[in-house]
Amino acid sequence: MKLSVAAISALAAIPALAYAQQGGPQPNVPKLTKADVLIVIQIVTKDKAKTQAYCDLTKLYDQIQAAEQKEDSDTIQALTKQADGLVEKLGPEYLKMIEGLEEVDLTSSEGKEFMSILSRLDKPCTK
């Protein structure tokens, strides 16, 4: 499964949405670097549980998208809670990276480079 820029953007919004629903202010997010992305790739791909959590998260994205098309807010809320749990399993480095992605123009050369690197996470999900 290859995630599109839109999918990554939506996945990036999930933890932020969950955080906002809890009434918390958005934290100051440091600029994302290529090294940050590579560290996350290494952490997730070397841990089977984290790899599975990532694959499950990408499946949830499809379900959230379908629920959004149906304007099913109850399902969206339930799926977002599940996604939040999966993001937690992926660890603080993943969450930091996702928050950093929110600040990156994914159509820029830097954004495209990050997306290319992140595509490595999808390989185990297609097996």
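In nm, give the distance between the simple-model label positions of SER109 and ASP47, each being 7 Å from the Cα along the Cα-to-Cβ direction.
Going from the SER109 label point to the ASP47 one covers 3.4 nm.
Within 10 Å, count the other beta carbons around each residue, average over each peptide in 45-51, 111-117, 94-100, 80-86, and list them highest first.
Final packing ranking: 94-100, 80-86, 111-117, 45-51.
Taking the solvent-accessible surface of protein heavy atoms with a 1.4 Å probe, what is the per residue accessible area of region 58-99 in Å²?
60 Å²
Calculate, for GLN69 and SER119, the FRET efficiency according to 1/(1 + (r/R0)^6) with r their C-beta to C-beta distance and R0 30 Å; round to the nearest 0.05.
0.75
Under the Karplus relation 6.51 cos²θ - 1.76 cosθ + 1.60, θ = phi - 60°, what is the ordered set of whole-Hz ³J(HN,Hα) values for region 34-41, x standing for Gly and Pro?
Per-residue couplings from phi come out as 4, 4, 4, 5, 5, 4, 5, 4 Hz.
When we measure straight from the Cα of LYS46, which lysines land under 22 angstrom away, once same-chain ones fewer than 8 places off are left out?
LYS2, LYS34, LYS59, LYS89, LYS96, LYS123, LYS127
As a test question: what accessible area, to the nearest 10 Å², does SER109 have when a 1.4 Å probe is rolled over all protein chains in place?
The accessible area of SER109 comes to roughly 100 Å².
The values are calculated or read from the model by the stated rules, or taken from the named source; none is laboratory data. Note that the structure is a prediction, hence the values are computed from the model and not measured. Here Cβ is always computed from backbone atoms with ideal geometry, including for glycine, and neighbour counts include all displayed protein chains. Remember, those area values only see protein heavy atoms, side chains included, never the ligands or the DNA or RNA. Shrake-Rupley method; radii C 1.70, N 1.55, O 1.52, S 1.80 Å.
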